[in-house]
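Participant: Take this structure first; my questions come after.
The values are calculated or read from the model by the stated rules, or taken from the named source; none is laboratory data. Here the structure is a predicted model, which means the values were calculated and not measured. Ideal geometry is used to build each Cβ from the backbone, glycine not excepted, and the neighbour counts take in all protein chains shown.
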Amino acid sequence: MELSGHRWPGLLEMTMTVFVTGSATRDDVTLVPRHLQYIANTRFERPTLVIDSEAVARQYMGLARGLGRARIHYAVKANPAPEILRRLCALGSNFDAASRAEIEMCRAAGASAARITFGNTIKKPADIAFAHALGITHYAADAVEELEKLAEHAPGAHICIRILVDATSADWPLSRKFGCAPDMAVGLMDRCVALGLVPHGLSFHVGSQTREPQMWEPILDQVADVWQAARAAGHDLKLLNIGGGFPAGYRNAVMAPEVYATEVMKRVNARFPDAAEVMAEPGRGLVAEAGAIAAEVMLVSRKHDSDLHRWVYLDIGKFSGLAETMDEAIRYKITTDRDHETMGACVLAGPSCDSADVLYEKQPVQLPLGLKSGDRVVIHSCGAYTTTYASIGFNGFPPLDVVVL
């Protein structure tokens, strides 16, 4: 819930400086983003994500230009706000859904079944049957049992075999849970044929926040080896799904989306000239920078008199939207209206009665020494993986409020 007409002292000027500094590699944005202007001029009663659909559209168009022949399938799990889905649908985006509920969201936004893929490798039979009945034809799998479910409930489906790749250079590797070993892939394709499925292509994920295009090279080489082995075994693969990994600017600037995507596609095209179709599944790289969370300091304390670090407790934590601070993998930029004051290190934590609700402790955060209860803070680049991670009423705290501009 927000109350309009209250301007945060100094915050608009502060966010202007932060945004320009953090976006030195970009030339497609206004001086002060709309969502930061909105936050600066609004008083919120509880933590609120403000996201700018215009910024999402700009990011989409930049990625689309850079990706060229590759189709964009937005990873709905990043942020399924209906306004965002409708905007992307109108721009021509396709969608990657992880569940029946996400498929329904895409359909409600106006996407036809032909524009939706079911990319989760772990699916219930009933959900496969639901998707098949809608006319969805493209699915991902990485195990024999999943292929058997697909053959029973989506006969004739087109299958992308997901490959387990070495993605250790990303800020957040995603290959441990998903994908089969490269030497299993051809066997799974053989099984597809035996079950009446179509082995249509390969998919993989370089890991979330793969900052530099050259980090894709060894992974693309791994996948290219599997692609050639499959072709040699008689499988006429058509589709290469390069997944996500497109980075967002958190505490450091990243390449402009068009430039980054162009560099990635140069590497893809060099290795897969015979891939008739290429698709990408950006999520974070599309929506993260378009949003920020307005939050508030609840308490500043020290654990003992000689404690070198303050503890700063916010009214938002791991269970109310900041789950990606787990292992401090994603380090959000946090600003206040006191950033002109002397700064000092602090441990940052959430409000819940759970000792796991500590955001940053291994690497303390620099925040103003004068910070106190009631001070407002802005947590930047929160458009992705915040609302969807927020719990429903843990400790009685409400889920994250959302404003879409």
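Participant: Which residue out of Ala290, Ala280, Ala248 is modelled with pLDDT of 95 or more, closer than 30 Å to Lys362 by Cβ, crowded, with 22+ Cβ neighbours inside 10 Å and among the small types (Gly, Ala, Ser)?
Facilitator: From the options Ala290, Ala280, Ala248, the qualifying one is Ala290.
Participant: Would you say Ala157 is buried (at least 23 other Cβ atoms within 10 Å of the Cβ), among the hydrophobic types (A, V, I, L, M, F, W, C) and modelled with pLDDT of 95 or more?
Facilitator: When the stated conditions are applied, Ala157 passes them.
For every residue, the table says whether it meets (1) modelled with pLDDT under 95; (2) surrounded by fewer than 17 Cβ atoms within 10 Å (Cβ to Cβ); (3) among the aromatic types (Phe, Trp, Tyr).
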residue: Asp183; (1), (2), (3): yes, yes, no
residue: Gly187; (1), (2), (3): no, yes, no
residue: Gly196; (1), (2), (3): no, yes, no
residue: Gly201; (1), (2), (3): no, no, no
residue: Pro213; (1), (2), (3): yes, no, no
residue: Pro218; (1), (2), (3): yes, yes, no
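Matching residues to (1) in contact with a strand residue (DSSP E or B) (Cβ under 9 Å, 6 or more places away or on another chain); (2) of a type in the set (D, E, K, R); (3) in the same structural domain as Gly244 (by TED's automatic domain parsing):
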{"residue": "Glu296", "(1), (2), (3)": "yes, yes, no"}
{"residue": "His304", "(1), (2), (3)": "no, no, no"}
{"residue": "Tyr313", "(1), (2), (3)": "yes, no, no"}
{"residue": "Glu324", "(1), (2), (3)": "yes, yes, no"}
{"residue": "Tyr360", "(1), (2), (3)": "yes, no, no"}
{"residue": "Pro364", "(1), (2), (3)": "yes, no, no"}
{"residue": "Ser373", "(1), (2), (3)": "yes, no, no"}
{"residue": "Gly396", "(1), (2), (3)": "no, no, no"}
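Participant: Say we look at the range 254-290 and pick out the residues that are of a type in the set (D, E, K, R) and out of contact with any Lys or Arg (no Cβ under 9 Å at 6 or more places or on another chain); which of these is nearest to Ala329 (Cα to Cα)?
Facilitator: Arg284
Participant: Which residues, counting only those in the range 95-147, are basic (Lys, Arg) and within 21 Å of Val193 (Cβ to Cβ)?
Facilitator: Lys123
Participant: Taking the criterion of being without any contact (Cβ under 8 Å) to a residue 40 or more places away in the chain and either of a type in the set (Phe, Trp, Tyr) or on the phi > 0 side of the Ramachandran plot (or both), would at least one residue in the range 258-278 satisfy it?
Facilitator: No, every residue in the range 258-278 fails to be without any contact (Cβ under 8 Å) to a residue 40 or more places away in the chain and either of a type in the set (Phe, Trp, Tyr) or on the phi > 0 side of the Ramachandran plot (or both).
Participant: Which residues, taken from the range 247-261, are assigned to a loop (DSSP other than H, G, I, E, B) and of a type in the set (A, V, I, L, M, F, W, C)?
Facilitator: Hits for the range 247-261 are Ala248, Ala253, Val254, Met255, Ala256.
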